[in-house]
Ligand code: G1P
Ligand code: ZN
C-alpha cells in the first residue's frame, strides 16, 4: 500500500446526481483520486472505522474513461482495505442494475461512473456518483460530507496493479478480493420476479411489434437479453445495442429531440406498435406508440393507475406514489382516486429514497423521463418499458388508446419543459434574483389569459427523516390551475442551464396539441422575465 500526498481541488461538490464534469477535468492528475478517497473516507466513517469485510460494487455506462477510472478506483479501494470489490464485466453496469446488485449482494455501496444522458468522449462529460447500501444515490447528508472531505484531503492510498475487467472470476489486489461478474443475471432475475414473463412472451409472439433503442448506451446488452433471449422478440426489435464510448457521437437522451430516429420510425406508415428508448446509463425511458408520444408525467400516472391490475408485483396495491415537484400533477389525481398519498419531492431521484425505504410509496417518477418503483432505488428505464408492455398486454389496447382512456377518466395535464442550455450563469442568477425579489407582489398580475394567484420558492422537508432542502425551484401558480416552474439544472457541466416547466390542466378538452396549448403560456412567462434580453435567447434549445 502506498500513501500519496495530494491537496484539495476546488469544485468537487456533487449536484443533482453525483459529481459531473468535463472528461478532461476528471482525467487531470489526482482529480478522480481525491474524490474517490474522500468518498471512501466518509463510507469508512459510517462503517465504524474500517472497510475490512465490506463489499463495494463498481461499474459504469461504458463512456470514454470508464475503464481507466475503474482501475483507479480499484487501486484506491485496495489501498483503503475494502474487503471485496465487485466489478461488472467490461465495466458495463446500468444505473438501475447497480442499484439491484448493491441490494441483492448486500454491498455497503457502489460507485457509478456515468454522466447519464450527457454526451461521452474526451471533450464531453464524465461523472461519478456514490450509491449507499439501500442501492440509491447517497442523500445530501452524505454527499455534503464527501464534499467537505474533498476540501481537506491531504493524501490518498493505493495498491498498485491492475485487473482484467473483461474476464469473469476472482483475483486479489493487496488484501482486496476483486470479483468480475456478469450483471445480466441479477437484473433479469429481478425483472422476472416483478413481471409475468410467460404472459409477455405470448403477447410478443402474437404479432405485436416493438422497437427498443438503446441509444448506443449501457442498456443494449440488458435489452437484448430480456427482449430477445427471454421474451422471444425478433432480432430487429432492439437497435443501437452496442455500448459505445462516445454513444456514436450523439446525446444519449431519450426524448423527442435526441431520439429523433426512433420517433420518425414510430411516425412512419409501417410503424411498430410500440417504441421505447433508454439513456446512456439506462435509468431514463421514452415511451412511444404509433404516432403517439407519452409524456413522462402521463406515463407515471398511467403506470400508477394500471400496474396493480397488469403487473404481478403490484397486485397487492400501491402504498403511495411520489413525483418530483416540476412533474405534472397527473399522478396526484390517480393517487386521489386510489385513496393513497402522493408525495411531492425536489428534483433528483435521491429524494425518493427515504420514502421508498420507509414503505410510504411504491411507484415514483420525474418529468425528466424517469420512472421507477420500490424494486430498486434508482429510476429504471427497462422496468418502465416492461411496465408499459405489461399494460398493453393486459388491456389489449394501443398506447394511444390507453392514454385517451386515462385522460377521459382523469382529465389531461398538458405539459412541456423548455431548456435553455449553456446560458451565462451570471445572467441566469440575476434573473432569478429579480424574480425572487418580486415573488410576494406577483399575485393578481395578468398572465396568458388568466392571473397569477401566488408564487413561491419550493422548500421540502422529508416526512421520514426531517431533512430539509430549500430553493428547489420557483413556482408561479395561475388562477386557472396552470403552473410554471423555473429552476437551474444541477447536472450541467458548462455555464448554466435554465429549465422552465409549464403545465396546464383540462378536465374535458383532452385532444389538443400540447405544443399549441403551452405556447401562449410560455410566451407570456418569457415576456414577464424579460428572458430574451437577459439571456440572449429567442427560443429554448430543447423542448420536451
Ligand atoms: C436532471 C433532471 C432530474 C434528474 C437528473 C438526473 O437534473 O431534471 O429530474 O433526476 O437530471 O437524471 P437537473 O439537470 O435538472 O438538475
Ligand atoms: Zn441517466
Scan region 60-73 and give yes if some residue there is crowded, with 23+ Cβ neighbours inside 10 Å, more than 27 Å from residue 278 (Cα to Cα) and either free of Cβ contacts under 8 Å to residues at least 60 places away in the same chain or away from ligand 1 (no atom under 16 Å from the Cβ) (or both), otherwise no.
no
Per the list (1) part of a loop (DSSP other than H, G, I, E, B); (2) out of contact with any helix residue (DSSP H, G or I) (no Cβ under 6 Å at 6 or more places or on another chain); (3) over 21 Å from residue 485 (Cβ atoms); (4) within 15 Å of ligand 1 (Cβ to nearest atom), residue check on residue 326 breaks on (3)
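Yes/no per residue for (1) more than 22 Å from residue 532 (Cβ to Cβ); (2) modelled with pLDDT of 95 or more; (3) more than 25 Å from the chain's Cα centre (by Cα):
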position	(1), (2), (3)
431	no, no, yes
437	no, no, yes
452	no, yes, yes
455	no, yes, yes
458	yes, yes, no
462	yes, yes, no
465	yes, no, no
471	yes, no, no
481	yes, no, yes
Kindly indicate the residue of region 249-266 that is under 17 Å from the mean Cα position of the chain (by Cα) and closer than 16 Å to residue 295 by Cα and also farthest from ligand 2 (Cβ to nearest atom) among those meeting that condition.
256
Which of the residues spanning region 319-363 are free of Cβ contacts under 8 Å to residues at least 40 places away in the same chain, in contact with a strand residue (DSSP E or B) (Cβ under 9 Å, 6 or more places away or on another chain) and farther than 23 Å from residue 473 by Cα?
335, 336, 338, 340
Looking at residue 133, is it buried (at least 22 other Cβ atoms within 10 Å of the Cβ) and over 21 Å from residue 172 (Cα atoms)?
no
Restricting to region 174-194, give me the number of residues that are touching a strand residue (DSSP E or B) at 6+ places or on another chain (Cβ under 8 Å), modelled with pLDDT of 95 or more and buried (at least 20 other Cβ atoms within 10 Å of the Cβ).
3
Which of the residues spanning region 267-300 are over 20 Å from the mean Cα position of the chain (by Cα) and either in a strand (DSSP E or B) or farther than 21 Å from residue 200 by Cα (or both)?
267, 268, 269, 270, 274, 289, 291, 292
Can you tell me which condition residue 448 does not meet? The list is (1) at pLDDT below 95; (2) exposed (fewer than 13 other Cβ atoms within 10 Å of the Cβ); (3) closer than 30 Å to residue 293 by Cα, and all the others hold.
(2)
I'd like the residue in region 171-222 that is part of a strand (DSSP E or B) and without any contact (Cβ under 8 Å) to a residue 12 or more places away in the chain and, out of all such residues, is nearest to residue 289 (Cα to Cα).
171
Going through region 275-293 one residue at a time, which ones are crowded, with 24+ Cβ neighbours inside 10 Å and more than 16 Å from ligand 1 (Cβ to nearest atom)?
275, 276, 287, 288
Test of understanding: among 312, 296, 316, 308, which residue is within 16 Å of ligand 1 (Cβ to nearest atom), within 23 Å of residue 394 (Cα to Cα) and out of contact with any strand residue (DSSP E or B) (no Cβ under 6 Å at 6 or more places or on another chain)?
296
Every residue from region 357-374 that is closer than 17 Å to residue 306 by Cα and more than 16 Å from ligand 2 (Cβ to nearest atom)
361, 362, 363, 373, 374
Can you find a residue that is away from ligand 2 (no atom under 16 Å from the Cβ) and more than 26 Å from residue 209 (Cβ to Cβ) anywhere in region 379-397?
no
Does residue 493 fit the bill of being within 16 Å of ligand 1 (Cβ to nearest atom), part of a loop (DSSP other than H, G, I, E, B) and within 25 Å of residue 127 (Cβ to Cβ)?
yes
Residue 53 vs. criteria more than 16 Å from ligand 2 (Cβ to nearest atom) and surrounded by fewer than 24 Cβ atoms within 10 Å (Cβ to Cβ)
yes
Among the residues of region 328-356, what is the count of those that are more than 21 Å from residue 308 (Cα to Cα), at pLDDT 95 or above and within 16 Å of ligand 2 (Cβ to nearest atom)?
1
Return the only residue of 81, 121, 90 being away from ligand 1 (no atom under 15 Å from the Cβ), part of a strand (DSSP E or B), more than 16 Å from the chain's Cα centre (by Cα) and surrounded by fewer than 24 Cβ atoms within 10 Å (Cβ to Cβ).
90
Of all residues in region 14-37, count the ones that are over 17 Å from residue 64 (Cα atoms) and within 16 Å of ligand 2 (Cβ to nearest atom).
5
Restricting attention to region 100-118, and to residues there that are farther than 29 Å from residue 24 by Cβ and in contact (Cβ under 8 Å) with a residue 60 or more places away in the chain, which single residue is surrounded by the most Cβ atoms within 10 Å (Cβ to Cβ)?
100
Considering every residue within region 306-314, establish whether at least one is touching a residue at least 24 places away in the same chain (Cβ under 8 Å), touching a helix residue (DSSP H, G or I) at 6+ places or on another chain (Cβ under 9 Å) and within 16 Å of ligand 2 (Cβ to nearest atom).
no
Go through region 364-420 and report how many residues are within 16 Å of ligand 1 (Cβ to nearest atom), outside any strand (DSSP E or B) and closer than 27 Å to residue 515 by Cα.
6
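The values are calculated or read from the model by the stated rules, or taken from the named source; none is laboratory data. On a predicted model such as this, the values are computed, not experimentally measured, just so you know. Because the Cβ atoms are built from the backbone with ideal geometry, glycine has one as well, and the counts that use them run over all protein chains shown.
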